[in-house]
1. Quick one: ASP149 ticks every box in (1) surrounded by fewer than 18 Cβ atoms within 10 Å (Cβ to Cβ); (2) closer than 25 Å to GLN195 by Cβ; (3) of a type in the set (Asp, Glu) bar one, so which box is it?
2. Would it be correct to say that THR37 is buried (at least 18 other Cβ atoms within 10 Å of the Cβ), polar (S, T, N, Q) and in contact with a strand residue (DSSP E or B) (Cβ under 9 Å, 6 or more places away or on another chain)?
3. Among (1) modelled with pLDDT of 85 or more; (2) open to solvent by less than 70 Å² (accessible area, probe 1.4 Å), there is one condition GLU162 misses while meeting the rest; what is its number?
4. Within the stretch 173-196, track down each residue that is open to solvent by 80 Å² or more (accessible area, probe 1.4 Å) and either charged (D, E, K, R) or under 17 Å from ILE28 (Cβ atoms) (or both).
5. So is ALA106 among the small types (Gly, Ala, Ser) and in contact with a helix residue (DSSP H, G or I) (Cβ under 6 Å, 6 or more places away or on another chain) or not?
6. Spot the failing condition for LYS63; the list is (1) within 20 Å of SER216 (Cα to Cα); (2) modelled with pLDDT of 90 or more; (3) among the basic types (Lys, Arg); (4) over 25 Å from the mean Cα position of the chain (by Cα), and only one is missed.
7. Might you check whether a residue that is in contact with a Pro (Cβ under 6 Å, 6 or more places away or on another chain) and either open to solvent by 60 Å² or more (accessible area, probe 1.4 Å) or touching a residue at least 12 places away in the same chain (Cβ under 8 Å) (or both) occurs anywhere in the stretch 103-115?
8. Would you check if ARG93 is under 29 Å from LEU137 (Cβ atoms), of a type in the set (D, E, K, R), modelled with pLDDT under 90 and open to solvent by 50 Å² or more (accessible area, probe 1.4 Å)?
Amino acid sequence: LLDKSDKYDSRDVERLQQDDKWVENYLIWRHDVVDDTLKMIDESFQWRKEYTVNDLTESVLPKWLFENGSIFLHGYDKEGYKLFWFRVKLHIRDPKQQLEKKKLVAFWLEHYAKRDHGKPLTVVFDMAETGISHIDLDFVRFIVNCFTDYYPNFLTKIVIFEMPWIMNAAFKIVKGWLGPDAISMLKFTNKNEVQDYISGEYLPPHMGGTDSFKYSYPPLVDDDFQTPLCENGPITSEDEHESKEEIDADTKETGDPNEEQNLNPKKMNSIEQIPKSEENDKTDFKPKNAKKALTTFKGPLLHISPAEELYFGSKETGERKCLIVLTNVTKNIVAFKVRTTAPEKYRVKPSNSSCEPGASLDIIVSLHGGFAASLQDRFLIMAAEMDQCSGAGVSELTQFWKEVPRTKVMEHRLRCHVIESTKPSTLTLKENVFNIPAKTNEELHIQLTRLLQINKRLQEQIDRCLWFQQLLVVLSLLSVTTVAFCFYLVYTQRS
């Protein structure tokens, strides 16, 4: 690959050398066959340079593309995967606009791949009220190629809603492009079946759902995220009673400082720099059973723990609170906001505040009574540096967020993970910390390769067994035929 680096964007080559997960996705998508993997990397890298994927922004694409509303990201399926919508009835077939529309698809795919660390997508083709005039096989083939050839391991399923019978012939052609792996991902649905894959909260009314979302320009990729309704305190008596119990328990118990340091390593040096008043504020509302952070996302403004997932319990396990730790790694005050896709479920304290230079701050995320965490729930942390002369009061923060340029805002997303185990979460946490060694990407890749090799050997053994079975069946048939023929000869000679 390096010998042909002039054919590629140097940023892609550099990323390939540093991003083990990206390489692993190429290998997985090509079943760990090295030659096929290298071929896919070569083709996708050439395509990425041709379409200037790394430089695709809203400003370089025509405004009307976004205003059309035929392509957008919104909502999640039942497995927690983001939905990539194609409203086919809004698609206008025009060869002159084809390249720009293809670049729009690449824009959304690249934007989401970078923002959510390459987590796969579920594609939804909403074909309600469509007909022959909306068929554009060249555009469909481009979409298919994006997932089969350019974005490895980035597709979970393709949900096709109400495909008109008149398009059956066209989709037979599409199936020929997909290949056996992708064909298994096709899900043809109607109003009765679509909720097998997507819950009603993320389906529009014409698909049998209750989602009132309307796509509009500018393309707000975070339309799912809203500020929690109850950011400053509990809204139910159950929550209030629970909080008081925890505060009372916290004042009676003293924690092991070494244990705290082990569970939350990112607070090591900066904790001494937190003002005393802020430290007291934190201990007042910090719950003893909040899930401690084990992994860290290292952003340019804030280090955020955990890096990817907030662990809540199911209704049986009862784990209803999580802890997010923010550490300011700049020399200025950093303003931050926390938003969620399910504001009615969660209380976030604080959800709109600031963090002093070098300091750490705990954010408590708790479920309201009666609600349960879901894999579809997401949290968005937005952060931006403030000028040293700016104040950090409520009015100053409100004005700051109105004026700060979008390009200056750091964003990081967290998804929810539901623990089904009946073990207490604190016990599970300690087992993870002390008994399970951390695995690097390299170790995981080695294990994956071994599993693939074992699977290949098992498949070869099965193939051999099947071959022997077929051979035995053929020999048995030959034997029976021979015996029958011999009896026939004896019978004819006697007669």
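The values are calculated or read from the model by the stated rules, or taken from the named source; none is laboratory data. Everything quoted here is computed from the prediction, not taken from an experiment. Heads up, the Cβs are rebuilt from the backbone with ideal geometry, glycines too, and the neighbour counts pull from every protein chain shown. Each accessible area value is taken on the protein alone, full model and side chains, heavy atoms only, with ligands, DNA and RNA left out. Shrake-Rupley method; radii C 1.70, N 1.55, O 1.52, S 1.80 Å.
1. It is condition (2) that ASP149 fails.
2. no
3. Status for GLU162: all satisfied but (2).
4. Correct list: LYS175, PRO180, LYS191, ASP196.
5. When the stated conditions are applied, ALA106 passes them.
6. Here LYS63 meets the rest and fails (2).
7. no
8. For ARG93, the condition - under 29 Å from LEU137 (Cβ atoms), of a type in the set (D, E, K, R), modelled with pLDDT under 90 and open to solvent by 50 Å² or more (accessible area, probe 1.4 Å) - is met.
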